[in-house]
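Asks: To start, I am sharing the structure in question, which I have written as structure tokens.
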Amino acid sequence: MLSFAFGTLAVLVLLAYFRAPVFVWSAAVAVMGATWATVLGFGAVTNFVLAAVFLAIAAAANLSALRRMLFSDPLLSIYRRLLPDMSQTEKEAIEAGTVWWDADLFSGRPDWERLLHTPTPRLSAEEQAFLDGPVDEACAMANDWEITHKHYDLPPQLWQFLKDKGFFGMIIPKKYGGLGFSALGHSAVVMKLSSRSNALAVTVMVPNSLGPAELLLHYGTEEQKNHYLPRLARGLEIPCFALTSPEAGSDAASIPDFGVVCKGTWQGKETLGMRLTWDKRYITLGPVASLLGLAFRLYDPERLLGGKEDLGITCALIQTNTPGVNIGRRHLPLNAVFQNGPNSGNEVFVPLDWIIGGREYAGKGWKMLMNCLAAGRSISLPTSSVGGTKALTRVTGAYARVRSQFRTPIGKLEGVEEALGRIAANAYMMEATRVMTAGAVDLGEKPSVISAIAKYHMTERARDCVNDSMDIHGGKGICLGPNNWVGRGYQVVPVAITVEGANILTRTLIIFGQGAIRCHPYVLREMRAAKELKGEEASREFDDALTSHIGHTLSNGVRAVVHGLTRSMFASAPLSAAPETRHYYRHVTRLSAAFAFLADVSMLAMGGALKRKEKISGRLGDVLSMMYLVSATLKHYEDQGRLKADLPLVRWAVRDARYSAQQAIDQVLSNFPVKSLATLLRWTLFPLGMPFRPPLDSRNHECASIALEPGAARDRLTAGIYLPQGEADATGVLETAFLATVACEPIERKFREAVKSGALQQRGGADSALLAREQGVITPEEYAQWQKKEALRKRVILVDDFPQDFGRAESMEKLGESRPVHAKAA
Ligand SMILES: Cc1cc2nc3c(=O)[nH]c(=O)nc-3n(C[C@H](O)[C@H](O)[C@H](O)COP(=O)(O)OP(=O)(O)OC[C@H]3O[C@@H](n4cnc5c(N)ncnc54)[C@H](O)[C@@H]3O)c2cc1C
């Protein structure tokens, strides 16, 4: 009897696990029910009643019309009442872009083979030549200290170089005179530039991100494209895009800036146009822009366009020399000194043709912006964060080897090693994410949720890494000057956190909020059925989505328990993956099932209120994000040819993310509003307790060693950044000192051993070396080598000092008088 009960349970689990269709469930239940009835010896009446009940339920479950009448339609009515109304802008934001690997992770059953067979993203020969040529040259021309402290801008010759070489037209196709680079190529350029100078990278990033060029490419009229794209590609126009205003930052759809459709005189002729009034701030490249992409709300009170009065958000291109445009003053964003400032206009008349896409696109601006956001957001800030972090990895490892305290290179002191190992492993994971995300864009995706994940997590990891790096550098990182290679990065990191969707909002509102609707296989269909469809069509669509949804949830719940009880043993992992990483795939499959189940139960338990429960949805977003980062890391390991030397980085990064995902689930459960459900969920998701542990210290040691050791692994980890040649540059000196330090270690070991054995008297640094040479412990050549290293080391540990007035008079003159922003507009 007991084994029969187990057998029944096993069949039910298998049916749920493999998501058997309803008719298979019905058949299986019929057979098992009949067998149980025989075994238990029920009487004829009982058998008849049970059979009737079963047949009624099976008919309702299998016959669509009956099921809809008894089950789906009543639920649809309740759902319609409960589902909060969505504004048009919210709807357009949620529906924008595409879903990709995020949808697999949301499904509970990621198709790993599909991911691993996605082609490895590669740079073209032309892109590589551009990186080795003009990009290197631009980096060499950028002296970050002079840019940030002396010029407060890129030097004029660098501006010109960027324009001449086409840096502002990387996303513009060749037929318009642009470079026509792939997303990966574009990203590789931004990465290298950002490893050198933030102002340089941002100046190049902005025209290639969401702005006039991107909008024109997708929505511009032929005339607009033919006129502007070649000019933008050649740097004859400097673009900016102005959305943010003092009253509308994160809530950008609420911009108060407006235009009124009217007739006016333009170049001597009566023209149908708009009178624009706006007050924008924080606009990157604004102060030097010749072409202002402007977002505003357009009204047509006289119905001159024949439609509604409130047409909605509209995007237009405004020549900044148009009378009435106020532009040119600057903000000073954390000493990053890229051009950024306010601009405004009061009743500025421009022709209607200046709307991007022409009058047909009046009122469609928000949709246009949302649809174009993902590509730029996938590249700019994630990539610049990777460039900065790779550069940090290289310099921090080198400095930690050159700088000694307590007669030990500080990188070998465990406390420092812990921070350094984190930087190195993060750099690996970030690079993996950069490449996979850019690869998705090159496959034609506009990954809205993934771009938010990449933006949030790359910028946050860059912030963690720069904090670690600052700690490792000690005072050397604090005293600014040309010999400080980390301080400016530390200063500017909050810029990346704030722009293109401030991070708190991105994490708590977008990643899960948008993901739950877009990536979930059924939620959007249910919502559409409830809100957009009517009658029979709504009923059928809702029924189909709902029944599939129930099967999906049940299956993921059962899978989560099974994976939990079997420690992921049966969770799917790709056979084509390296054996040494295959268990990590299984763990993500388990997490994916657990996450999908938890997401469904959370939506069911909290409904629309989940949107306001940002602490919960932020953590759910973290789980999705960690699975994405792990997927990227594992794919990167495969794409790079399973290099064993990189395995510690993979292991640390995966263990760390896996543990973070588990902790995020734990926190969701601890704060779940329905306590009984939380307990049930905990039993389901962690039936044997929480399985994942943080990375081991030994792995952290291996990761730090990669940053501390010259060689292929370090070069690979920091590949694609700018490496200054020679000793004219502080980081060039650092690299030479690093190599010299490593080369001199055997020499130092010789005189340390001589001191230990008593052959050499204990003295300090230079005296010991001299004595060692005099006593023949080291050769004269070794002594010369050691002296050279010492000279380099001294240069590395040096920090800058300045005259007492810091050249105050000069810099005050340069900054000019500060005034409250928009005093003029007021
Ligand atoms: C250097 C720099 C360059 C920029 N460049 C441009 C540009 O070129 N063009 C342009 O149009 N704009 C630009 N911006 C504007 C940028 O996109 C905004 O700063 C950003 O949208 C945030 O707006 P805010 O600064 O007013 O912050 P606020 O909107 O006031 O937000 C403050 C805090 O509240 C959080 N928050 C807000 N709403 C929510 C929510 N619902 N849930 C949770 N948290 C929330 C935010 O995450 C943030 O942490 C730039 C900004 C800076 C600083």
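Asks: If you take the beta carbon distance between E532 and L14 as r and set R0 to 41 Å, what does 1/(1 + (r/R0)^6) give as a FRET efficiency, to the nearest 0.05?
Replies: Using R0 = 41 Å, I get an efficiency of 0.65.
Asks: Continuing with the same structure: For n ≥ 4 DSSP H runs only, could you compute -39500 (n - 2.57) per run for the chain, divide by its residues and tell me the 222 nm figure to the nearest 500?
Replies: Taken over the chain, the calculation gives -18500 deg cm²/dmol.
Asks: Using +1 on the beta carbon of Lys and Arg, -1 on that of Asp and Glu, and nothing else charged, what's the dipole of region 116-231 about the Cα centre, debye to 20?
Replies: My answer is approximately 140 debye.
Asks: For labels at V45 and R749 in the simple 7 Å Cα→Cβ model, what's the distance in nm?
Replies: Rounded to a tenth, the inter-label distance reads 9.3 nm.
Asks: Let me ask something else. Note the full-extension length gain between R114 and D310 as 0.36 nm times their separation in residues minus their Cα-Cα distance, in nm to one decimal.
Replies: Result for the pair: 66.0 nm of gain on full extension.
Asks: So what is the diffusion coefficient of region 741-794 in µm² per second by Stokes-Einstein at 25 °C and 0.890 mPa s, using a Kirkwood Rh over Cα pairs?
Replies: 226
Asks: Would you please name the chymotrypsin sites (Phe, Trp or Tyr not before Pro) within region 2-34 that are DSSP coil residues with at most 13 other C-beta atoms within 10 Å of their C-beta?
Replies: Answer by residue number: F18.
Asks: So, one more: Would region 1-109 count as rounded, prolate or oblate if I go by the C-alpha gyration tensor, calling it rounded below 1.5 in a/c and otherwise prolate when a/b exceeds b/c, oblate otherwise?
Replies: It comes out oblate by the Cα gyration axes.
Asks: Can you tell me which aspartates and glutamates have their Cα less than 16 Å from the Cα of K91? Leave out same-chain residues fewer than eight positions away.
Replies: In chain and number order, the partners are D251, E526, E532.
Asks: Could you work out the local net charge near E309, counting Lys and Arg as +1, Asp and Glu as -1, over the other residues with Cβ closer than 12 Å to its Cβ?
Replies: Here the count lands on 0.
Asks: Just tell me, in residue order, which DSSP H segments of the chain are both 18 angstrom or longer along the helix axis (alpha-carbon based) and at least -1.0 in mean Kyte-Doolittle hydropathy.
Replies: Taking the DSSP H segments of the chain (at least 18 Å long, mean hydropathy at least -1.0), we get 2-17, 22-40, 44-62, 365-402, 414-442, 448-473, 487-498, 535-565, 582-606, 614-639, 647-670, 730-756.
Asks: For region 355-454, what is the convex hull volume of the alpha-carbon atoms per residue, in Å³?
Replies: With only Cα atoms used, region 355-454 gives 111 Å³ per residue.
Asks: Just tell me which aspartates and glutamates come within less than 16 Å, Cα to Cα, of K615; anything on the same chain fewer than 8 places away is out.
Replies: D666
Asks: Something else about it: At A766 and D666, where each label point lies 7 Å from the Cα along Cα→Cβ, what is the point-to-point distance in nanometres?
Replies: It is 5.4 nm.
Asks: Express the carbon and sulfur contribution to the solvent-accessible surface of the chain as a percent, rounded to the nearest whole number, probe 1.4 angstrom.
Replies: After summing per-atom areas, the C and S share lands at 57 percent.
Asks: Okay, moving on. Fully extended, how many nm does the chain gain between M569 and E347 (0.36 nm per residue separation, minus their Cα-Cα distance)?
Replies: Between M569 and E347, full extension yields 73.2 nm more.
Asks: Per residue, how much accessible area does the chain show when a 1.4 Å probe rolls over the protein heavy atoms, in square angstrom?
Replies: 43
Asks: Give me the lysines in straight-line cross-link reach of K174: C-alpha distance below 16 Å, same-chain residues under 8 apart excluded.
Replies: Counting by Cα, and skipping residues close in sequence, K174 has these lysines nearby: K163, K165, K225.
Asks: Under the rule of at least 5 residues apart or a separate chain, name every residue whose amide H is placed under 5 Å from the amide H of E347.
Replies: Long-range HN contacts for E347: L276, T277, W278.
Asks: So between L55 and S676, what do we pick up on full extension, going 0.36 nm a residue minus the alpha carbon distance?
Replies: 220.3 nm
Asks: At a Förster radius of 60 Å, what calculated FRET efficiency corresponds to the Cβ-Cβ distance of S254 and A28, to the nearest 0.05?
Replies: Once rounded, the FRET efficiency stands at 0.65.
Asks: Now a separate question. Between Q160 and M690, what FRET efficiency follows from the Cβ-Cβ distance if R0 is 60 Å, with the result rounded to 0.05?
Replies: Efficiency, rounded to the nearest 0.05: 0.55.
Asks: Additional query: Would region 584-716 count as rounded, prolate or oblate if I go by the C-alpha gyration tensor, calling it rounded below 1.5 in a/c and otherwise prolate when a/b exceeds b/c, oblate otherwise?
Replies: prolate
Asks: Further question on the same structure: Once the other residues with Cβ under 13 Å from the Cβ of F406 are scored (Lys, Arg +1; Asp, Glu -1), what is the net sum?
Replies: Within the 13 Å Cβ shell, the charges total +2.
Asks: Still on this structure, please answer the following. Please work out the C-alpha center-to-center distance from region 727-799 to region 319-336 and express it in whole Å.
Replies: 53
Asks: Pairs K364/K446; K412/K750; K192/K367; K367/K531: which exceed 23 Å Cα-Cα?
Replies: The pairs that break the limit, which is 23 Å between Cα atoms, are K192/K367.
Asks: Could I ask something else about it? In whole Å, how far is the Cα centre of region 580-650 from that of region 26-87?
Replies: 35
Asks: If you don't mind, there's one more thing I want to ask. Report the net charge of residues surrounding G439, where surrounding means a beta-carbon distance below 11 angstrom and charges are Lys +1, Arg +1, Asp -1, Glu -1.
Replies: 0
Asks: Non-local amide H neighbours of A289 (under 5 Å, H modeled in plane, Pro and chain starts lacking H): which ones?
Replies: Under 5 Å from the amide H of A289: no residue qualifies.
Asks: Related question: Please label the shape of the chain as rounded, prolate or oblate, based on the square roots a ≥ b ≥ c of the eigenvalues of the alpha-carbon gyration tensor (a/c under 1.5 means rounded; beyond that, a/b larger than b/c means prolate, else oblate).
Replies: oblate
The values are calculated or read from the model by the stated rules, or taken from the named source; none is laboratory data. Keep in mind it's a predicted model, so treat the numbers as computed, not measured. Glycine also receives a Cβ, built like all others from the backbone with ideal geometry; neighbour counts cover every protein chain displayed. Quick note on the areas: whole protein, heavy atoms, side chains included, nothing else; ligands and nucleic acids left out. Shrake-Rupley method; radii C 1.70, N 1.55, O 1.52, S 1.80 Å.
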